[in-house]
Each structure stands twice: as structure tokens, then as C-alpha cells.
Amino acid sequence: MLASLKTGLKKTRDSLIDKYDMLFTDAVKDKNLFLEKIEELLILSDIGPRTTEEILTRFQAINIHQYKMNDFNYFKKYLKQILIELIPATDDAFIINPEILNIVMVVGVNGTGKTSFAGKLAYYFKDGALDTLLVPADTFRAGAIEQLTYLAKQIDVEVMRTSAGSEPASVVFDSIHSAKAKKKKLLIIDTAGRLHTYSNLMKELEKVKRVIKKNAPEAALNIILVIDATTGQNGLAQAISFKESLNISSITLTKLDGTSKGGIVFTIQKDLLIPVSFLTYGEKITDLCRYDTEKFIEILLN
Ligand SMILES: Nc1nc2c(ncn2[C@@H]2O[C@H](COP(=O)(O)OP(=O)(O)O)[C@@H](O)[C@H]2O)c(=O)[nH]1
Ligand SMILES: [Mg+2]
């Protein structure tokens, strides 16, 4: 993870630091008040009720004066240590096997950043020289095909030609056969985020998944749910329903640059038990990184 992630997390980092100063002027004199303020701070950054509670238990157990909790540096050091212990490592959330065809199906509701993520991911793997095909299977929304096609041209990655209104499952069917014929190693499928109803959407995505399983059973399939970090609890609700319908492999959290609630990364892992694979933190094609708990905590609290 890069310095650019640090910039992308500026809002969350600033909020933790500002609020710490604001909240802790007197709190450290009184342990109960201190715990109350910590709780407020953690909830404000969307760390989630379960993790917050576990963190509080750890703080409860220490002598706050001995640990110099009035000093932000000591506090951060201690919190870092707790988070690293509490948040499960997720390094196997996303694996690419360059020997076979890898299929990434990108799902999520409208506007979360699916199409942008598909482009960023293709660009990310360009360095690794993985021959990639981008597939615009959001044929429902006007402009979605053009958006991905434009992105693909900019980064010089092949994109499947499709016309608006085609059936997504048949676009995906064609793309799998095309990828096999061309010996592609990575197929990135961008899907629709909204149909007439939510249940229509789920049915369509399930159908796309069946087409993949049937036509490329030998491929490694990753279903990545894209969640907009700025949507908070709403994003969590989305994750629950996509998890039920599609058995997603991991989550990509987008727009971390636009929120002070970056703690949602921990909520997803702890409360939903879904691994996080990628983060995006800006509109540039390079504003993407793999997620790594320890590095994330390090950057967040440094
Ligand atoms: N600031 C910021 N904007 C983003 C990020 N990812 C996507 N966006 C913007 O969010 C909007 C919706 O993105 P899009 O990929 O079209 O979403 P989709 O409807 O899920 O395909 C666009 O204006 C993107 O530029 C991000 O990480 N940070
Ligand atoms: Mg889109």
C-alpha cells in the first residue's frame, strides 16, 4: 500500500486526530468518562458496535494513567495493537492463478463504483502482464457500456463489444468463449446495479453466475461486491443481501477518500465476516490497492 492511500484516508485520519484532541481534554482524569469518549470516537469512525465493544473491554483492563492515554501517540500505539489482534488477517481474500483463466464478477448497487473498479483492476493487473478482457455486462443502464469501453481504451485493455439491451447472461457466455479462444488469463465482468426490482437484479446476477460455472468450471471465480464507504450502514445492509444471493468472495470498498468513516473496513470483516480484497480512494485509475489489515491500521493510525 502506498503513500496515496494515506492521502486517500486523510478524512478518516484527520477525524480521529481532531476528535481525539477535542474529546480528551478532561476525559483522561476519569476512567468512565474516558471509556465513554473512546466509544464515541470509535462509533464516529464506523468501527462498528461489536469491535467497539471488544476494544472498550481492552481499555477497561488497563490503567489509563500508566499507559499515558492523554497522549495521542500512546493511545494510537495501544489501539493499533488491539486492532491488529482483533481483526482477522485476510491475505487470501483474492488470489490470481496465472496458469488458468481467472474470472472476476463485479457486483453491487448503482453508483458504488463498479465500472470504475473494473477499469482500475484491469490496470492494476497490466503490470503483471495478465492478458485481460473487460466485459460490459451492465447492458441495462444507458452509457454503462460506453463508460467501460472508454476506460478500456484509455488503459489499452481489450473490451468485449456489446450492444445496449443485450441479455447480460448471453454477453457473459460470449465473453467466456472469446476469452478461452484468445487464451486470456483474466476476465473482468462489470454488471448492472439496478433493474426494475431488487429481486430481478439478484435473479439476473445468479443467472450470470450459473453461466460462468457451467461454461468455465475450470476457471477461478471471484465474485467481488463493491461497497461505497460513504454509505455507512446502508452499505452493510447491501452486503448482507448480496452475500445471501451470490455467496460473494470478497468486498471492495470504494470512495475511502470521501469519508471520515474508514472504520467501516473493520465492521465488514468483524461483523459480516466477509474479507476485504481491494480499496479505492480516488477517481484516478491508479487509486486502487490490495487490502492488508496490518498495513491499513498502520496507515490509519500513523
Ligand atoms: N472520490 C471517488 N470517487 C469514485 C471512486 N470510485 C468511483 N468513484 C466515482 O463514483 C461515481 C460512480 O462510479 P461508477 O464506477 O460509474 O459506479 P457504478 O454505477 O457502480 O458502475 C463516478 O463518478 C466515479 O468517478 C473513489 O474511490 N473515489
Ligand atoms: Mg457501472
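The values are calculated or read from the model by the stated rules, or taken from the named source; none is laboratory data. Computed from a predicted model, the values in this text were never measured in an experiment. In this analysis, Cβ positions are derived from the backbone assuming ideal geometry, glycine residues included, and neighbour counts consider all displayed protein chains.
Numbers below:
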read-out	value
Residues (within 16 Å of ligand 1 (Cβ to nearest atom), under 13 Å from the mean Cα position of the chain (by Cα) and in a loop (DSSP other than H, G, I, E, B)) located in segment 211-269	G232, I248, K255, G262
The listed residue being in contact with a helix residue (DSSP H, G or I) (Cβ under 8 Å, 6 or more places away or on another chain), within 16 Å of ligand 2 (Cβ to nearest atom) and modelled with pLDDT of 95 or more, out of L151, L186, L195	L151
Subset of segment 122-141 [surrounded by fewer than 24 Cβ atoms within 10 Å (Cβ to Cβ) and within 12 Å of ligand 1 (Cβ to nearest atom)]	F140, R141
Helices (runs of 4 or more DSSP H) fully within segment 1-95 counting 1 or more residues that are of a type in the set (S, T, Y) and modelled with pLDDT of 85 or more	3-8, 10-23, 49-60, 72-86
Hits in segment 248-270 (condition: closer than 20 Å to V107 by Cβ and away from ligand 2 (no atom under 16 Å from the Cβ))	I248, S249, S250, I251, L253, L256, I264, V265, T267, I268, Q269
Top-ranked residue in segment 98-111 [being of a type in the set (V, I, T) and out of contact with any Gly (no Cβ under 7 Å at 6 or more places or on another chain); ranked as farthest from ligand 2 (Cβ to nearest atom)]	I100
Counted residues, segment 103-121 - those being of a type outside the set (G, A, S) and near ligand 1 (Cβ under 10 Å from one of its atoms)	9
Single residue of I155, I145 found to be surrounded by 13 or more Cβ atoms within 10 Å (Cβ to Cβ) and without any contact (Cβ under 8 Å) to a residue 24 or more places away in the chain	I145
Cβ-Cβ under 6 Å pairs, at least 6 apart or on other chains, segment 66-81 side on the phi < 0 side of the Ramachandran plot and in contact (Cβ under 8 Å) with a residue 24 or more places away in the chain, far side of a type in the set (F, W, Y) and in a helix (DSSP H, G or I)	M69/F75; F72/Y20
Count of segment 115-127 residues which are within 13 Å of ligand 2 (Cβ to nearest atom) and in contact with a helix residue (DSSP H, G or I) (Cβ under 9 Å, 6 or more places away or on another chain)	5
Exclusive hit being more than 16 Å from ligand 2 (Cβ to nearest atom), surrounded by fewer than 23 Cβ atoms within 10 Å (Cβ to Cβ) and without any contact (Cβ under 8 Å) to a residue 60 or more places away in the chain, set N222, N200	N200
Residue satisfying all of: in segment 112-126; in contact with a Lys or Arg (Cβ under 9 Å, 6 or more places away or on another chain), part of a loop (DSSP other than H, G, I, E, B) and not β-branched (V, I, T); nearest to P275 (Cα to Cα) among these	G113
Residues that are hydrophobic (A, V, I, L, M, F, W, C), more than 16 Å from ligand 1 (Cβ to nearest atom), assigned to a helix (DSSP H, G or I) and crowded, with 21+ Cβ neighbours inside 10 Å, drawn from segment 158-190	V172, I176, A179
Search result, residues across segment 128-142 that are within 11 Å of ligand 2 (Cβ to nearest atom) and free of Cβ contacts under 8 Å to residues at least 12 places away in the same chain	none
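For (1) modelled with pLDDT of 90 or more; (2) at positive phi, each residue gets a yes or a no:
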site	(1), (2)
Q233	no, no
N247	yes, yes
T252	yes, no
K255	yes, yes
T267	no, no
L273	no, yes
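Each row is one residue, and each column tells you yes or no for (1) of a type in the set (S, T, N, Q); (2) buried (at least 23 other Cβ atoms within 10 Å of the Cβ).
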| site | (1), (2) |
| --- | --- |
| S245 | yes, no |
| S250 | yes, no |
| G258 | no, no |
| F266 | no, yes |
| K270 | no, no |
| T280 | yes, yes |
| K284 | no, no |
| C289 | no, no |
| D292 | no, no |
